[in-house]
Every structure is written in structure tokens, then in C-alpha cells.
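The values are calculated or read from the model by the stated rules, or taken from the named source; none is laboratory data. Note that this is a predicted model, so its numbers are computed, not measured. No Cβ is skipped: glycine too gets one built from the backbone with ideal geometry, and neighbour counts run over all protein chains shown.
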């Protein structure tokens with residue numbers, strides 16, 4: 001997953017949770033400007049702590065899987081939601 005794809009996923013999750021970027025700033029302490037840059041793919045690098053904080057607020061966590069590995073049934077089902 002690229003940073004742009006991650007940002008888009010974060011944006012979609014935020015909207016599904018009906019949070020504004022202002023809400024996310026208030027909950028996380030991460031500026032709205034930074035959240036917007038992450039969501040729109042305008043950052044070349046982002047701190048893992050910031051990503052972890054944002055995902056935690058949205059009820060998600062980072063996980064690793066081997067590159068090129070076929071998706072699990074759970075991952076495929078999640079894509080359909």
C-alpha cells in the first residue's frame with residue numbers, strides 16, 4: 001500500500017465514522033492541515049505515530065503482510081464493505 005492509498009483509506013474511514021477533519025484534530029492533536037495532506041497524498045513522509053493515532057481513533061490498526069501474498073478471505077470480505 002502506498003502512502004497515497006493509505007491516505008485515501010484514512011479519508012474514507014473518517015467519513016464513514018462521520019468525523020470532520022476538525023474532529024480528528026481535536027481528538028488527536030494532529031493539525032487539520034497535516035490530516036488533509038495525509039488524506040490527499042500530499043506528503044512524501046508521515047510519522048508512524050501520527051498514522052497510528054489516526055487509525056486508532058478510527059478503530060483500526062496497522063498490520064503487515066508479506067508482499068505479493070494473496071489476500072485472505074477476511075481481507076477480501078473487508079474490501080466489499
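Tabulated data for the structure shown
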| item | result |
| --- | --- |
| Residue in region 57-79 that is crowded, with 16+ Cβ neighbours inside 10 Å and within 16 Å of the chain's Cα centre (by Cα) present | yes |
| Residue list for region 49-75, filter: in a helix (DSSP H, G or I), free of Cβ contacts under 8 Å to residues at least 12 places away in the same chain and under 16 Å from residue 1 (Cα atoms) | 52, 75 |
| Checking residue 19 against (1) touching a helix residue (DSSP H, G or I) at 6+ places or on another chain (Cβ under 9 Å); (2) modelled with pLDDT of 95 or more; (3) outside any loop (DSSP other than H, G, I, E, B), the condition it does not meet | (3) |
